[in-house]
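The values are calculated or read from the model by the stated rules, or taken from the named source; none is laboratory data. Since this is a predicted model, take the numbers as computed values, not measurements. All Cβ positions, glycine included, derive from the backbone under ideal geometry; neighbour counts span all protein chains shown. Side chains included, ligands, DNA and RNA excluded: accessible areas come from the protein's heavy atoms. Shrake-Rupley method; radii C 1.70, N 1.55, O 1.52, S 1.80 Å.
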Amino acid sequence: MSVQRVEAMIEKVERIAWLLDFYGGLLTDKQQHCMDLHYNQDMSLGEIAAQFNVSRQAVHDLLRRSEGLLVEYEERLKLFDRFQQNRDQLSSILEYTKTLQQKVNTAAGAEISDELTTICSMLEQLIDQQ
């Protein structure tokens, strides 16, 4: 298997896991549980099938339907895309603020530097909460 294909698979798994975090509450309990077992707990189709007492094909079908629903919710609501955009913007603001703080530290602006430190801390907290 090529490196590119593996990377694409990892990106898909990460995206589905994020979508499950955002929209999992809109799925049925069984869909949520099955998706959690597969994507968050890395259980195989066979392991999940044994737990649910169904066939591997039934688990596969349930996962595909659930994934489709999550993707559809994201296409309509765009909550995850907005989350990523906000996080990226906050990270950029944080980096610009840190750069500005370094420039101020070289000058005689200790008071401004303290304010920039506070802004950096606030931005880091916002980013971590995302």
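Note down all Cβ pairs under 9 Å where the first residue falls in region 1-14 and is open to solvent by 100 Å² or more (accessible area, probe 1.4 Å), the second is at pLDDT below 90 and in a helix (DSSP H, G or I), and they're at least six residues apart or on different chains.
Note: pairs meeting the criteria are M1/M9.
Can you give me the ranges of the helices (runs of 4 or more DSSP H) entirely in region 1-105 with at least 1 residues that are under 17 Å from the mean Cα position of the chain (by Cα)?
Those helices (runs of 4 or more DSSP H) span 3-23, 29-35, 56-77.
Under 9 Å between Cβ atoms, at least 6 apart or on separate chains: pull out the pairs that start in region 61-72 with a residue that is within 10 Å of C34 (Cβ to Cβ) and end on any residue that is not in a helix (DSSP H, G or I).
Listed by first residue and then by second, the contacts come to L62/V54; S66/L27; S66/T28.
Considering only region 77-91, state which residues are among the polar types (S, T, N, Q) and either open to solvent by 60 Å² or more (accessible area, probe 1.4 Å) or modelled with pLDDT of 90 or more (or both).
Matches in region 77-91: Q84, Q85, N86, Q89.
Restrict the check to region 65-76 and report whether at least one residue is small (G, A, S) and open to solvent by 50 Å² or more (accessible area, probe 1.4 Å). Show your work before the answer.
Step one: list which residues in region 65-76 are small (G, A, S), which gives 66, 68.
Next, from what is left, pick out any that are open to solvent by 50 Å² or more (accessible area, probe 1.4 Å): none.
No - not one qualifying residue is present in region 65-76.
Exactly one of these conditions fails for M35: (1) in contact with a Phe, Trp or Tyr (Cβ under 9 Å, 6 or more places away or on another chain); (2) open to solvent by less than 100 Å² (accessible area, probe 1.4 Å); (3) of a type outside the set (K, R). Give me its number.
Looking at each condition in turn, M35 falls short on (1).
Looking only at region 17-25, decide whether some residue is open to solvent by less than 50 Å² (accessible area, probe 1.4 Å) and farther than 26 Å from Q129 by Cβ. Even if it seems obvious, please write down each step before you answer.
Of region 17-25, the ones open to solvent by less than 50 Å² (accessible area, probe 1.4 Å) are 17, 19-20, 23-24.
From what is left, the residues that are farther than 26 Å from Q129 by Cβ are none.
Within region 17-25 (the criterion being open to solvent by less than 50 Å² (accessible area, probe 1.4 Å) and farther than 26 Å from Q129 by Cβ), the answer is no, since none of the residues qualifies.
Out of F22, F52, which single residue is in contact (Cβ under 8 Å) with a residue 60 or more places away in the chain and either closer than 25 Å to L77 by Cβ or out of contact with any Phe, Trp or Tyr (no Cβ under 9 Å at 6 or more places or on another chain) (or both)? Talk me through it step by step, then tell me what you get.
Values: F52 fails: in contact (Cβ under 8 Å) with a residue 60 or more places away in the chain.
Exactly one of F22, F52 is in contact (Cβ under 8 Å) with a residue 60 or more places away in the chain and either closer than 25 Å to L77 by Cβ or out of contact with any Phe, Trp or Tyr (no Cβ under 9 Å at 6 or more places or on another chain) (or both), namely F22.
If you check S113 against the conditions, is it open to solvent by less than 80 Å² (accessible area, probe 1.4 Å), of a type in the set (S, T, N, Q) and under 22 Å from the mean Cα position of the chain (by Cα)?
no
Would you be able to tell me the number of residues in region 40-64 that are open to solvent by less than 30 Å² (accessible area, probe 1.4 Å) and within 15 Å of R15 (Cβ to Cβ)?
Residues flagged as open to solvent by less than 30 Å² (accessible area, probe 1.4 Å) and within 15 Å of R15 (Cβ to Cβ) within region 40-64 amount to 1.
Would you confirm, using the coordinates I've provided, whether I127 is at pLDDT 80 or above, within 30 Å of L19 (Cβ to Cβ) and in contact with a Ser or Thr (Cβ under 8 Å, 6 or more places away or on another chain)?
Against the criterion (at pLDDT 80 or above, within 30 Å of L19 (Cβ to Cβ) and in contact with a Ser or Thr (Cβ under 8 Å, 6 or more places away or on another chain)), I127 qualifies.
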